[in-house]
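Shown next, in structure tokens, is the structure this report addresses.
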Protein chains: 2
Amino acid sequence: MTISSVRVAADRLRAVGARPTPVLRSDWVDATAGCACYLKAEHLQRTGSFKQPRRGSRRRGRRARRERGVPCCVVVPRTTPGAKIDNMRRYGARVVLCEPTQSARSETAAAEAAAMGGAAFVHPYDDAAVLAGQGTIGLELAEELPQLDAVLVPVSGGGMVGGIAVALHALRPGVRVIAVEPKGKGLGRCLALSQRVLDPEAANGALDTIADAIRTKCLGPTPWAAASQLLDPAVLSVDDDQIRAAMRIALLELKQVVEPAGALTLAALLSPAFKQLREACAAHARAQHEHQLRHVAAIVCGGNIDLETLFLHVRTGP
Amino acid sequence: MTISSVRVAADRLRAVGARPTPVLRSDWVDATAGCACYLKAEHLQRTGSFKQPRRGSRRRGRRARRERGVPCCVVVPRTTPGAKIDNMRRYGARVVLCEPTQSARSETAAAEAAAMGGAAFVHPYDDAAVLAGQGTIGLELAEELPQLDAVLVPVSGGGMVGGIAVALHALRPGVRVIAVEPKGKGLGRCLALSQRVLDPEAANGALDTIADAIRTKCLGPTPWAAASQLLDPAVLSVDDDQIRAAMRIALLELKQVVEPAGALTLAALLSPAFKQLREACAAHARAQHEHQLRHVAAIVCGGNIDLETLFLHVRTGP
């Protein structure tokens, strides 16, 4: 997976109507995070999520499928919020629920593909074409924000963080790509030990987090191979209370509806861990004449949430 | 007030950190409105409202004042929501409440200006510099959307609609500037009769609408003189239920928090009256080989609202 496959994906995405997403700014967020923050609003992509139009292949994407009249089945864990399932159906997909494990997902998807007479299976992240499609976010960042020092990217199976890392490594090798995970994932330890899966038995389950979109425990083999060496060793972890507080800030300061996974990087920007990282980096930069974390982008990746759940989260936030 | 004063205002605004606002798109809104809709997100301006940074003069704007350490007093009706008053204070303004009438506002502002030792009084709309500042929205639309057939603009005292009309008349004279008002204002009749104030006694009061930011009954003399002849004779009126429904659509489909005034033009796009206007225009265009309403921008002007009020409005909507 290379920068040229990202460029090809960008052309294809333009052809199916995807647009570069806006970059949002907020004085309040800048002041609180202690640096200039650029919130890349992927939740404002046409479908309310980076997932569909960022697909890399011409034949891919649930929404694109509907527009071409191609039958499409989406397999999702039974814990998926109703608002997302409704959206998938609205775009013409047949939705099949499965148990919230990696193995149940693979088995159900294989069975459905066979029942459809050998339909192509598109993995949500373990696929070079998916990485290339999501790498187009990195392409846009490189074009829009030449001043960038780092980008915070939410991580689940690694498709987005992997694609962005490959794109930025090619175009702006000085930009640090920092993964943000739901607490308990332990990606930092995986990176330190250069080991994709630390506990094979636990890897099949789902993370305990309100961020329903990003409960995958380990990076997939394809993103790991493409990008694990390009990621910053620092990984930021946020818990549910930090996510809820960030969802509230998104509403009040950014005027944006984001789902829990979409608030992950904003939660990280506002966290004590980010402040420590920024200060450590500043001390090191002064000594080494290197870049500090002065201009930091954060990917806001999804806004598919029903209003009752949204209100509940922002009311119960700390 | 001319296009060159709008260009001067644009340069000054850039210098104090205002940015062009994003244009949001939604497949759902396009399909429901029956045309391509471009939602110009003025609520994403740094302060959450078009009002402050769009000021035309170098010496103006509450936020700009704080940054320069200039003492600033803002006179607002006592019916102003607490969230807005909090925001004004956060930007360093002293806030003085008055009765919700035009005369009380003028008298209170004059008294406060005198008490401050002769401070300059900045009227919210009856001021050529304010029109020029808000005309920069028209400048951006002309640059960003060459395909535009019309723009829907919320109207209160007329500063925004007047500034945009002057700018677009100079740069894209074919674009129709259509005012959207809270029901009961009666601007359409004023335009038809070329009379700014139809009932001088009633003009002093406030409109009965949940759109607290736009309760002024008549256009001010300055916007009326500058732009009343440039406005489309069709004026769209929306009621509180339509506004609440549009706030809900803004949350669900656009992922945006907007206050009632901010949802006004979206409510108009989704209204039966807009459909009638579009169809009448299409029939006429076919006969006369003129433009139809195919590409329509709508100004989303404010997102200053507290969450409890927001939730209340979108829950009680139809």
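If only one of A:Ala170, A:Ala132, A:Ala165, A:Ala150 is within 16 Å of A:Leu230 (Cα to Cα), assigned by TED's automatic domain parsing to the domain that holds A:Gly302 and more than 19 Å from the chain's Cα centre (by Cα), which one is it?
A:Ala170
If you go through the stretch A:176-222 and keep only what is more than 19 Å from A:Leu266 (Cβ to Cβ), β-branched (Val, Ile, Thr) and touching an Asp or Glu at 6+ places or on another chain (Cβ under 7 Å), you end up with just A:Thr222. Contact map, the stretch B:239-250: first residue over 17 Å from B:Val155 (Cα atoms), second residue at pLDDT below 95 and part of a helix (DSSP H, G or I), Cβ cut-off under 6 Å, separation 6 or more or different chains; pairs are B:Arg244/B:His313; B:Met247/B:His313; B:Met247/B:Val314; B:Arg248/B:Val314.
Does A:Pro233 meet the test of being within 15 Å of the chain's Cα centre (by Cα) and of a type outside the set (S, T, N, Q)? So A:Pro233 does not fit the description; no.
Could you go through the stretch A:128-135 and let me know if any residue there is among the polar types (S, T, N, Q) and closer than 15 Å to A:Val6 by Cβ. Yes - at least one qualifying residue is present in the stretch A:128-135. So which residues in the stretch A:205-215 are closer than 16 Å to A:Ile164 by Cβ and surrounded by fewer than 20 Cβ atoms within 10 Å (Cβ to Cβ), if there are any at all? Result: no residue meets the conditions. Among the candidates A:Ala18, A:Ala36, the residue that is at pLDDT 95 or above, closer than 29 Å to B:Ala18 by Cα and within 14 Å of another protein chain (Cβ to nearest Cβ) is uniquely A:Ala36. Looking at A:Ala142, A:Ala111, A:Ala120, A:Ala129 in this structure, which one is without any contact (Cβ under 8 Å) to a residue 60 or more places away in the chain, out of contact with any helix residue (DSSP H, G or I) (no Cβ under 6 Å at 6 or more places or on another chain) and not β-branched (Val, Ile, Thr)? When all the criteria are applied, what remains is A:Ala111. Of the residues making up the stretch A:188-203, those that are in a helix (DSSP H, G or I) and touching a Leu at 6+ places or on another chain (Cβ under 7 Å) are A:Arg189, A:Cys190, A:Leu191.
Of all residues in the stretch B:234-253, which are under 17 Å from B:Ser26 (Cβ atoms) and touching a Phe, Trp or Tyr at 6+ places or on another chain (Cβ under 9 Å)? Talk me through it step by step, then tell me what you get.
Within the stretch B:234-253, the subset under 17 Å from B:Ser26 (Cβ atoms) is B:245-253.
Correct list: B:Ile249, B:Leu252, B:Glu253.
Criterion applied to A:Ala267, A:Ala297, A:Ala250 was being closer than 25 Å to A:Leu145 by Cβ, within 14 Å of chain B (Cβ to nearest Cβ) and modelled with pLDDT of 95 or more, and the one residue passing it is A:Ala250.
With the structure loaded, tell me whether A:Ala280 is buried (at least 24 other Cβ atoms within 10 Å of the Cβ) and in the same structural domain as A:Cys37 (by TED's automatic domain parsing) or whether it fails that test. No: the conditions fail for A:Ala280. Taken together, the residues in the stretch B:213-239 that are closer than 21 Å to B:Pro100 by Cβ, of a type in the set (D, E, K, R) and touching a Lys or Arg at 6+ places or on another chain (Cβ under 8 Å) amount to 2. With respect to (1) surrounded by 18 or more Cβ atoms within 10 Å (Cβ to Cβ); (2) part of a loop (DSSP other than H, G, I, E, B); (3) touching a residue at least 60 places away in the same chain (Cβ under 8 Å), the lone exception for B:Lys185 is condition (3).
The residues in the stretch B:150-178 that are over 15 Å from B:Leu131 (Cα atoms) and among the small types (Gly, Ala, Ser) can be counted, and the count is 2. Only residues that are outside any helix (DSSP H, G or I) and either of a type in the set (Gly, Ala, Ser) or crowded, with 20+ Cβ neighbours inside 10 Å (or both) were counted across the stretch A:216-229, and they come to 6. Taking the condition modelled with pLDDT of 90 or more and surrounded by 12 or more Cβ atoms within 10 Å (Cβ to Cβ), does B:His313 pass? It is true that B:His313 is modelled with pLDDT of 90 or more and surrounded by 12 or more Cβ atoms within 10 Å (Cβ to Cβ).
Among the residues of the stretch B:230-273, those that are within 23 Å of B:Arg196 (Cβ to Cβ) and surrounded by 21 or more Cβ atoms within 10 Å (Cβ to Cβ) comprise B:Leu231, B:Val235, B:Leu236, B:Val238, B:Ala261, B:Leu264, B:Thr265, B:Ala268.
Tallying residues that are acidic (Asp, Glu) and under 24 Å from A:Pro223 (Cβ atoms) within the stretch A:1-38 yields 1. Evaluated against (1) within 12 Å of another protein chain (Cβ to nearest Cβ); (2) in contact with a strand residue (DSSP E or B) (Cβ under 9 Å, 6 or more places away or on another chain), B:Asp306 falls short on exactly one condition, (2). Evaluating A:Lys185 against the criteria (1) over 17 Å from A:Pro124 (Cβ atoms); (2) more than 14 Å from the chain's Cα centre (by Cα) leaves one unmet condition, (1).
Take the conditions (1) more than 14 Å from chain A (Cβ to nearest Cβ); (2) under 16 Å from the mean Cα position of the chain (by Cα); B:Val258 misses just one of them, which is (1). Among the residues of the stretch A:158-177, which ones are free of Cβ contacts under 8 Å to residues at least 60 places away in the same chain and β-branched (Val, Ile, Thr)? Within the stretch A:158-177, A:Val175, A:Val177 qualify.
The values are calculated or read from the model by the stated rules, or taken from the named source; none is laboratory data. The model shown is predicted, which means the values in this text are computed figures rather than measured ones. FYI the Cβ positions are ideal-geometry reconstructions off the backbone, even for glycines, and counts take in every protein chain you see.
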